[in-house]
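*Asks:* Before we start, here is the structure in question, set down as structure tokens.
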Amino acid sequence: MARTKYTAVPLKYKEVEGISARTFSEHFKLYEGYVNKTNEIYEKIANNFADPSKSAGTYSEYGEAKRQLSFNLGGMWNHKLYFGDFEDGKGTKPSENLVKAMTEDFGSFDKWKEDFVATGMAARGWAMLCYGLDDGHLHNVVLDAQNAGFPATVVPVLLMDVYEHAYFIDYGTARKPYVEAFFKNINWDRISKRYEKCTRMHRTWTE
Ligand SMILES: [Fe+2]
């Protein structure tokens, strides 16, 4: 049986305050590219395009496909979260429980935000607020590529794309105003709900 093909989730908005329609439409093409490449690689593997017994760490066709599969899966899922989290975001606030967790792990919401922004200024790809299924705590981590920097057993709660393609059209090389626009528009209701799901996953993970 063939693996089900992935499809890109369409945007439900054209632009948000501080991030233009042009940026979103160009950025969305990249997301679609990751989805298409994921499907293409899985199809190639299913059609025996290369001999798995020749896979090697130095170079092999099979190995390269697996490496790029990981990159494209990351690109697909990271962007799905990122674009979804802008829907109806303006004016929303993080839940009491999420703020409590941020306060416990970072000192306060503002301290969490300061650390998250600094994470984003340092990253070559993404800043990620993630939840550790093992420890039940929040972490801000750098992803230097679509698939690099994810410690195992964490779940993303909030992803901020800081690749230049996310802001270059609107702000040139200035990342900070883009980060501010990001914060004005993210949907904290969705993010708070995701956090609650993580706490439930933590309970079953550590049973
Ligand atoms: Fe991106």
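Here, each number is a calculation from the coordinates, and none is a lab measurement. Because the structure is predicted, anything quoted here is derived from the model rather than measured. Cβ: placed from backbone, ideal geometry, glycine included. Neighbour counts: every protein chain shown.
*Asks:* Which trypsin sites (Lys or Arg not before Pro) in the stretch 115-207 sit in a loop by DSSP (not H, G, I, E or B) and have at most 13 other Cβ atoms within 10 Å of their own Cβ?
*Replies:* Answer by residue number: R124.
*Asks:* Among the listed pairs K80/K176; K14/K100; K54/K197; K44/K184; K5/K100; K5/K54, which have their C-alpha atoms separated by more than 30 angstrom in this model?
*Replies:* Those over the limit are K14/K100; K54/K197; K44/K184; K5/K100.
*Asks:* Something else: Go through the stretch 52-95 and name the trypsin sites (Lys or Arg not before Pro) that are in a DSSP coil and have 15 or fewer other Cβ atoms within 10 Å of their Cβ.
*Replies:* Here the trypsin sites (Lys or Arg not before Pro) that fit, given the DSSP loop and packing criteria, are K90.
*Asks:* A follow-up question, please. May I ask you to evaluate 6.51 cos²θ - 1.76 cosθ + 1.60, the Karplus curve with θ = phi - 60°, for each residue of the stretch 149-163 and list the ³J(HN,Hα) values in order in whole Hz, giving x for glycine and proline?
*Replies:* Result, ordered by residue: x, 6, x, 4, 6, 10, 10, x, 10, 8, 10, 10, 6, 10, 4 Hz.
*Asks:* Would you mind counting up the charge near V142? Only other residues with Cβ under 14 Å from its Cβ, with Lys and Arg at +1 and Asp and Glu at -1.
*Replies:* Here the charged neighbours net out to -1.
*Asks:* Given Cβ point charges of +1 (Lys, Arg) and -1 (Asp, Glu) and nothing else, what value in debye, to the nearest 20, does the dipole of the chain about its Cα centre take?
*Replies:* That gives the chain a dipole magnitude of about 400 debye.
*Asks:* Within the chain, which is the longest segment containing none of the chymotrypsin sites (Phe, Trp or Tyr not before Pro) that sit in a DSSP loop and have at most 12 other Cβ atoms within 10 Å?
*Replies:* Free of exposed loop sites, the longest segment is 60-207.
*Asks:* Helix 109-122 against the longest principal axis of the chain: what's the angle in degrees, Cα atoms only, rounded to the nearest 10?
*Replies:* 40 degrees
*Asks:* From Cα pairs below 8 angstrom and at least 6 apart in sequence, can you work out the relative contact order of the stretch 21-84, rounded to a whole percent?
*Replies:* This gives 43 percent for the stretch 21-84.
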